[in-house]
Amino acid sequence: MTAPGPRSVIAIDGLDGSGKSTFAVALAAAVEAAGQPAVVWHVDDFRRTVDFEGQSAEGEAALYYDRYYDFSTLDGALASFLKGGPDGAIALLEGVLVLRARLPAGTPLIVLEVSPDEARRRILTRDRAKGRTDQEIVRRMERRYFPAQARYRAAFDPVARADVLVDNDDWTRPRVLRRADGRFPPQVVPGLDRLLPVG
């Protein structure tokens, strides 16, 4: 049964290829099956058109981090969502650099961790399906994705801040490294139990 009340947000963070989108969709389905409205939001839906042509490696990394994602528009959309209701709806916001969004105080954070090698493997698989060559994919990883993650983690330390931290190197057997349910809406906890069994 739907619990009325204010809307809320859950943030889902991790490297490119860590499984954020898949996890967010699965958790939203579990929340909705329990009778609570849930919607998945993607940081990738708030991208700007940016011209990387002719940039140095450092310039490309800075442009990707500073300009590629339109967090100001995302912040406005989130603010509008949170003013809706009161229907208790939960937005699951997933994406890289997600803590750069203006999240409400106390927003629960789920971080999916994968090794750099596994991230590379998954990014190659994902981006080949988009028609990119291996050379272009490796360039993006080395000049955009990984430098941006290094800068982001130094600034925001999502691993230390995570309420739920998961080793997701094996899609089929996620391993819970930390789980503190206290900041999650109670309607979400059964979904976490189903997706991330402890023990």
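The values are calculated or read from the model by the stated rules, or taken from the named source; none is laboratory data. All values reported here derive from a predicted model rather than from experimental measurement. Ideal geometry is used to build each Cβ from the backbone, glycine not excepted, and the neighbour counts take in all protein chains shown.
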Odd one out for F52, checked against (1) among the aromatic types (F, W, Y); (2) in contact with a strand residue (DSSP E or B) (Cβ under 8 Å, 6 or more places away or on another chain); (3) outside any helix (DSSP H, G or I): (2)
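Suppose the filter is exposed (fewer than 12 other Cβ atoms within 10 Å of the Cβ) and either free of Cβ contacts under 8 Å to residues at least 24 places away in the same chain or of a type in the set (V, I, T) (or both); does T125 pass it?
So T125 fits the description; yes.
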Enumeration of residues in segment 59-114 that are among the charged types (D, E, K, R), farther than 15 Å from F46 by Cα and buried (at least 20 other Cβ atoms within 10 Å of the Cβ): E60, E113
Unique match (being at pLDDT 95 or above and hydrophobic (A, V, I, L, M, F, W, C)) among V189, V198, V159: V159
Criterion (within 14 Å of the chain's Cα centre (by Cα) and in a helix (DSSP H, G or I)) met by exactly one of R153, R120, R140, R126: R153
Boolean, E142 is touching a residue at least 24 places away in the same chain (Cβ under 8 Å), closer than 21 Å to L63 by Cα and either surrounded by fewer than 18 Cβ atoms within 10 Å (Cβ to Cβ) or aliphatic (A, V, I, L, M) (or both): yes
Top-ranked residue of segment 16-49 - restricted to ones that are assigned to a loop (DSSP other than H, G, I, E, B) and surrounded by 14 or more Cβ atoms within 10 Å (Cβ to Cβ), ranked as farthest from the chain's Cα centre (by Cα): A34
Only one of L103, L99 that is assigned to a loop (DSSP other than H, G, I, E, B), of a type outside the set (K, R), under 30 Å from R143 (Cα atoms) and at pLDDT 95 or above: L103
Breaking point among (1) in contact with a helix residue (DSSP H, G or I) (Cβ under 9 Å, 6 or more places away or on another chain); (2) among the β-branched types (V, I, T); (3) assigned to a loop (DSSP other than H, G, I, E, B), for T172: (1)
Residues satisfying the stated conditions in segment 148-179, i.e. closer than 11 Å to L109 by Cβ, among the β-branched types (V, I, T) and surrounded by fewer than 17 Cβ atoms within 10 Å (Cβ to Cβ): V159
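Which one of L192, L177 is under 15 Å from A11 (Cβ atoms), in contact (Cβ under 8 Å) with a residue 12 or more places away in the chain and out of contact with any Pro (no Cβ under 9 Å at 6 or more places or on another chain)?
L192
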Segment 25-44 residues that are free of Cβ contacts under 8 Å to residues at least 24 places away in the same chain, paired with ones that are assigned to a strand (DSSP E or B) (beta carbon under 6 Å, 6 or more apart): V25/V40; E32/A38
Members of segment 15-25 found to be touching an Asp or Glu at 6+ places or on another chain (Cβ under 8 Å) and within 16 Å of L196 (Cα to Cα), listed by number: S18, K20, S21, F23, A24
